[in-house]
Each structure stands twice: as C-alpha cells, then as structure tokens.
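The values are calculated or read from the model by the stated rules, or taken from the named source; none is laboratory data. Just so it is clear, the model here is predicted, and its values are computed rather than measured. Every residue, glycine as well, gets a Cβ built from its backbone with ideal geometry; the counts of neighbours run over all protein chains shown. Heavy atoms of the whole protein, side chains included, go into the accessibility calculation; ligands, DNA and RNA do not. Shrake-Rupley method; radii C 1.70, N 1.55, O 1.52, S 1.80 Å.
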Amino acid sequence: MEVISSPQPTGNQSLPGWIAIAGVFSIATLGALVGAGGLVRLFFPASALLVAVLLYFRYPLLYVGFAWWIWFLTPLLRRISDYNSFWDEKGVILLAPYLVTFVSVLTLVRYLPRTPKMGGLPFVLAIASVVYAFLIGLILDNPPLAVIRSFLDWICPILFGFHLFANWHDYPSYRRNVQRVFLWCVLLTGLYGIYQFMVAPPWDGFWLIRTKLVSFGKPEPFEIRVWSTMHSPGPFAVVMMAGLLLLFSERSVLGIPAAVSGYLSILLSMVRSGLGRLGWAGLLAAFASTTPKYQMRLVVTILVLVLCVTPLTVMEPFDEVISERVESISNLARDQSFRDRSRNHDRDFNVAITRVLGRGMGSTWIVNERNGKLEMIVLDSAILDIFFTLGWAGALPYLGGVIFLLVSLFKDSAARADSVASAARGISLAVFFQFIFSSVMLGLSGMILWGLYGHCPGPPAAIIVIAKIC
C-alpha cells in the first residue's frame with residue numbers, strides 16, 4: 001500500500017501565512033508594551049482566530065505550529081499587558097489559545113463518518129464524554145461561564161489530537177514540524193525561565209502579587225518557582241518534559257544549548273512530577289521502545305547533557321534551590337506538599353466516585369460571594385476530577401479511550417524505527433502517570449497528552465513510510 005502525502009506549502013508559498021502570524025504577535029506585543037491593554041484583550045483573541053482559520057485551510061503545518069505557540073506565549077502576553085495597563089480579572093486574552101485550537105473541530109466534522117475505519121474511536125469516546133458532561137453542567141445549572149470555560153479546557157486538547165491523528169497520511173511533515181516547534185520552545189522558554197528566576201521581571205511579579213499564588217514563590221530574584229512564559233509551574237514542567245524527550249530525536253546544533261536551558265529551568269520550576277520519577281519513566285519508556293541505534297544515541301546524549309548541566313546546578317544561586325527539591329523527591333515521607341496531597345486525595349475520593357452521573361462541566365468552579373469572581377476547587381488528581389465532573393457514565397468511556405490509545409502506542413513494533421514516535425510514547429506514558437497528581441488532561445498539559453497521542457496512531461503503512469523517509 002502506497003501512502004501519498006498531501007502537498008504542503010513551502011518557502012515563498014507559505015510567506016503570507018508567516019506574515020499573518022508575525023503581524024498578530026507583533027501588533028499584540030507592541031500594544032501590550034505601550035499600555036493599550038484594553039485593545040489588546042479584544043484584538044489578540046479575535047485576530048488569532050482569523051489567522052487560525054486562514055492557516056487551517058491554506059497552510060495546515062503553520063496552523064499546527066501556530067496553535068502550539070499560542071498556548072506557549074499567550075500567558076506572558078497577558079502578564080505584560082496587565083502590568084502596563086490595568087489588571088484584567090477575567091483574563092479575556094487567554095481565550096486566544098482555546099479559539100485557535102477549537103478551529104480543529106472542523107477536522108472532526110470532516111472525518112467523523114470515517115473515524116471507525118481509521119481507528120479513531122477512542123477520540124470519539126472521549127469527545128462524547130466531554131459533551132455529555134457539558135450537557136449535565138447546563139442541566140444542573142452550573143455557572144454558565146464556568147461551564148464554557150471547563151468545556152474548552154477539556155475539549156480543545158482532544159480536538160487537536162484528533163486533528164493530528166486524522167492527518168496521519170502526511171505524518172513525515174507533521175513529524176518535522178513538532179520537532180522544530182519543541183526545539184525552539186525548549187530553547188526560548190527555558191532561557192526565559194532562567195531569566196525569570198534570576199531577575200523576577202516586574203510583569204511576572206505584578207501577576208504573582210495580584211493572584212496571591214504564594215505556592216509560586218515570592219516576586220523577588222531567586223525566590224520564584226519558574227513557570228516561564230506559561231501560566232503556572234505545572235504545565236510548564238509538562239511542556240519541558242515533552243520537549244526534552246523530543247530533543248533526543250533532534251540533530252540540530254541548537255539541541256545541546258536547548259537541552260541545557262530546558263533541564264535547568266525545569267529544575268527551577270520545582271515541580272516534582274516533571275523532574276522526578278515520572279519524567280524518568282517517560283525517558284525509560286522511550287528508551288525501551290526504540291531500536292538499538294537510537295538507544296545508543298540516547299545514552300551518548302544523556303552523558304553529554306549530564307556533563308553540561310551538572311556544573312550549573314552546583315553553582316550559586318541555583319544549587320540551594322535545586323538540591324532542596326531533589327531531596328524532597330527522594331524522601332517523600334518528609335515532604336509536606338506530598339502529605340497534604342495525600343490527605344486531600346483521601347478526603348475527596350469518596351465524594352468523586354459516588355457521582356454516577358457526575359456534576360458536569362463547571363462543577364469544579366464556585367462563585368465567590370464577596371467579589372462575584374469564579375474560583376476553582378482544587379482536586380489534586382485527574383482521576384478525582386474525571387469522576388467528579390464526568391461521573392461513572394462519562395468517566396468509563398473517557399478513560400477507556402485514553403488507555404486504549406496509550407496501549408496502541410506500544411503495540412506497533414514497526415514504529416520502533418521512528419525516534420519521534422518513541423519519544424511520543426514516552427511522553428504520553430509519563431503524562432498519564434501524572435493523573436495521580438493533577439488534572440493534566442486539561443488545557444496546555446492536555447495539549448501535550450492528546451497532541452502526542454495524535455502523532456502516533458495510524459495505519460501500519462504510515463509507520464513503514466516513516467521508517468523509509470525519516
């Protein structure tokens with residue numbers, strides 16, 4: 001069976017798409033810097049949506065890259081905008097990533113009749129569960145804004161993953177795209193993370209003060225838990241973990257400096273699941289599921305990175321912060337954060353599993369009676385969140401789809417020849433293990449989970465083509 005890739009615009013053919021992307025980010029950044037926050041909050045989501053539609057139909061690869069970067073950079077743009085103008089409680093600008101990603105619902109509409117033959121039933125099961133919970137949220141009269149916000153958090157990553165899955169026939173192009181995107185992501189966001197730790201930029205400090213997120217550290221140099229250009233340390237650590245694993249398949253001269261900045265910044269984020277056992281689980285899964293040639297490359301690369309990163313971690317001002325967090329990983333019994341999570345999990349578990357129909361979308365948000373602001377109920381486990389929101393009726397098909405996709409990633413022995421597919425398997429497994437710690441299936445973390453799922457499944461013929469081309 002011969003697989004023919006759909007033509008992708010290259011060189012000058014994609015220039016209009018690049019101009020549109022550069023225009024959106026340039027105008028929005030300039031507006032944020034000069035204090036035109038009111039205009040930026042409306043311009044950026046609306047223009048990003050228009051550009052996303054253009055790219056989706058004319059420049060499919062640029063659309064995928066644009067979707068990733070809009071998730072990576074929008075929180076930083078929001079912080080700069082708020083600092084230079086006025087604080088926006090609702091964070092309207094943060095709609096941009098959801099609007100851009102939701103454009104991929106068009107792929108679901110186009111391919112839905114053929115989904116069973118393509119092997120995309122797990123995506124459909126997960127989407128059906130989320131739609132079910134959305135309807136339950138409306139029926140139970142949960143706060144409308146919270147229902148919509150939660151629905152977008154759940155549905156957008158799945159739609160994006162399905163979009164990538166449905167384009168399996170053009171996998172070689174998408175493969176190169178994801179490598180390029182995450183190479184630059186690790187390099188740039190890693191460097192900004194180090195800068196954030198050492199300088200504590202005023203816009204980050206302002207945001208930290210207004211949100212009162214004391215767990216993110218203090219708005220002072222060397223006191224911040226790094227979250228770089230993103231909105232919190234957790235999603236940043238997930239993105240870094242994914243990018244660093246993908247770097248093992250990258251041969252660019254920028255690979256080593258990107259990895260050094262990435263590893264140092266993820267250590268400074270002080271996120272246990274990103275830098276501890278679960279991150280290593282992803283590396284081991286990628287190592288075990290690939291060819292001996294790639295395994296040797298992994299070993300050599302790891303040795304080089306250890307030689308580059310270790311001297312930095314023992315230098316001031318990094319050594320004290322990093323050594324304290326690494327010690328907490330090796331001795332969880334003495335870690336207060338871990339004890340608090342365990343106690344909260346035991347308290348909430350019985351509540352979550354007794355919801356047969358679920359509480360629906362928006363149920364993990366409440367309205368503060370003092371200021372009318374939506375505030376999120378923290379559930380320190382994706383499992384709790386899934387059963388609390390979806391109930392048994394929605395949780396079983398949702399988890400069934402997630403587990404089926406995860407198993408399918410490791411079943412195809414032909415995919416061992418592809419280093420990116422091996423890295424994607426490791427990343428998916430590592431993120432799945434983090435279900436016990438946080439709701440990593442939502443928002444940016446969910447984009448990593450479902451996006452990497454979408455890069456792997458496909459007819460065996462696709463894997464054969466990958467091995468020949470890559």
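Structural remarks
- If the condition is being assigned to a loop (DSSP other than H, G, I, E, B) and open to solvent by less than 10 Å² (accessible area, probe 1.4 Å), then the range 231-248 contributes only PHE248.
- Any hit, the range 60-82, residues being more than 19 Å from THR211 (Cβ to Cβ) and charged (D, E, K, R): no
- Of all residues in the range 395-412, none that is free of Cβ contacts under 8 Å to residues at least 24 places away in the same chain has its Cβ atom under 7 Å from the Cβ atom of a residue that is open to solvent by 40 Å² or more (accessible area, probe 1.4 Å), 6 or more apart or on another chain.
- In the range 197-213, the residue that is farthest from GLY35 (Cα to Cα) out of those that are in contact with a Phe, Trp or Tyr (Cβ under 7 Å, 6 or more places away or on another chain) and either among the aromatic types (Phe, Trp, Tyr) or without any contact (Cβ under 8 Å) to a residue 60 or more places away in the chain (or both) is PHE197.
- Meets criteria (surrounded by fewer than 19 Cβ atoms within 10 Å (Cβ to Cβ) and in a helix (DSSP H, G or I)) for ARG175: no
- Residues being of a type outside the set (A, V, I, L, M), touching a residue at least 40 places away in the same chain (Cβ under 8 Å) and closer than 30 Å to ASN167 by Cα are represented in the range 74-88 by at least one member.
- Which listed residue is open to solvent by 10 Å² or more (accessible area, probe 1.4 Å), at pLDDT 85 or above and not in a loop (DSSP other than H, G, I, E, B), from PHE433, PHE410, PHE404: PHE404
- Remark: pairs (first residue in the range 109-138, within 16 Å of LEU406 (Cβ to Cβ); second residue open to solvent by 60 Å² or more (accessible area, probe 1.4 Å); Cβ separation under 6 Å; 6+ apart in sequence or on different chains) = PRO122/PHE404.
- Selection status of LYS468, of a type outside the set (Asp, Glu), farther than 20 Å from GLY119 by Cα, open to solvent by 10 Å² or more (accessible area, probe 1.4 Å) and at pLDDT below 90: yes
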